[in-house]
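What follows is calculated from the coordinates using simple rules that are stated; it is not laboratory data. All of these numbers come straight from a predicted model, not from anything done at the bench. Glycine also receives a Cβ, built like all others from the backbone with ideal geometry; neighbour counts cover every protein chain displayed.
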Amino acid sequence: MAGSIRLGTAGWVFEAWRKSYYPDGLKQKDELAYSSARLGNIEINATFYSHQKAASFENWAGHTPDDFVFTVKGHQLVTHIKRLKDVELPLANFFASGVMALGRKLGPFCWQLPGNSKYDPDRMEAFLALLPQTPEALVALAEKSDYGKNPPYLDATGIAKVRHAIEVRHDSFADPRFIAQLRAHNVALVVADTAEWSYIDQTADFSYARLQGAPGKESYSVAERDLRAAWLKAWAEGKPVADAPYVTAAEASPPPRDVFAFFVSTDKEHAPDNARAVMATLGLTGPGGE
């Protein structure tokens, strides 16, 4: 059985979209409802900059269809400030902040490393070992929080799976040891689709793609979109993707995977149109990736 494919964008509040994507007169408070009715998932970026309250997650979940999914970008304290070193407490505080309030709409967490962060096998292993892989483990780590601003949110009701993806940008990560570590911990390597990081190794039981394209390009061409659509379809159906860059050899018999994909163009304006175009190519008509 093939996995689901969800297409979407990183974020939903952009001034440029009010001229090219959102209907005239649409109120900002209704923009999430509009986008979530037309896309399969949205990556929440606000969580990278600050802890969001449970009430915010509940509000977002309440303004989206039943089968919609949010992915959540990990906090910068973990990835950019502490750079994955000694991060058990920051992780606990992040998970206790309220993110579990998304319930069944919680998708993968995305941990995005800075471009100058180099591969350190020991540090990476310690970080991967900390990542909770089940709702029970998520709650257990959140219980270690000392986040005193608000009581910890520890209700994992509705959360079926806890998944993690990691985005790297430094070429030192083009190392088979790194790929092996991700596979051992069932953490997805983010397919970033950039000149700096073009590898598409699949390392988990799901796929995560942040399709960014070349710097300065306003949009993907039709041919470029069709190629990315073919990747997503192959990952969902459990078919190998040939003629693409890998750190290690492509899997000969890959399993079907759920696919979470986002268009993250540099100007942001064309991301929704790219996502909708690929959805049409793949015959996807609803948020659930069907």
So, with points 7 Å from each Cα along the Cβ direction, the Ala249-Leu89 label distance in nm works out to 4.7 nm
Cross-link reach list, lysines versus Lys85, counting only Cα pairs under 20 Å and skipping chain neighbours closer than eight places: Lys73, Lys118, Lys144
Highest mean first, how do 83-93, 253-263 rank when packing is the count of other Cβ atoms within 10 Å averaged over residues? 253-263, 83-93
In debye, nearest 20, what is the charge dipole magnitude of segment 5-282 about its Cα centre with +1 on Lys and Arg Cβ and -1 on Asp and Glu Cβ, if you could check? 320 debye
Calculate one ³J(HN,Hα) per residue across segment 19-28 by plugging θ = phi - 60° into the Karplus curve 6.51 cos²θ - 1.76 cosθ + 1.60, and present them in order as whole Hz with x for glycine and proline. 10, 10, 10, 6, x, 4, x, 5, 6, 4
Per-residue [θ]222 nm for the chain (sum of -39500 (n - 2.57) over DSSP H runs n ≥ 4, rounded to 500): -8500 deg cm²/dmol
Residue span Ala46 to Ala184: 0.36 nm per residue of separation minus Cα-Cα distance leaves a gain in nm of 46.7 nm
Pop the C-beta distance of Lys144 and Lys268 into the FRET formula with R0 = 45 Å and round what comes out to the nearest 0.05. 0.80
Value in Å of the Kirkwood radius, where the chain supplies the Cα pairs that are averaged: 19.2 Å
When we measure straight from the Cα of Lys53, which aspartates and glutamates land under 16 angstrom away, once same-chain ones fewer than 8 places off are left out? Asp146, Asp155
Specify the residue with the greatest mean-square fluctuation among Asp171, Asp30, Asp226, computed from a Gaussian network of the chain linking alpha-carbon atoms under 10 Å apart. Asp30
Which order do peptides 175-183, 39-47 fall in by mean Cβ count within 10 Å, highest first? 39-47, 175-183
Rounded to two decimals, the Debye log10 I(q)/I(0) of segment 54-198 (Cα scatterers, no solvent) at q = 0.16, 0.20 Å⁻¹ is -0.87, -1.25
Ordering 237-250, 61-74 by per-residue average of other C-beta atoms within 10 angstrom, highest first, gives 61-74, 237-250
Please compute the length gained on full extension between Asp120 and Asp171, using 0.36 nm multiplied by the number of residues separating them and subtracting their Cα-Cα distance. 17.1 nm
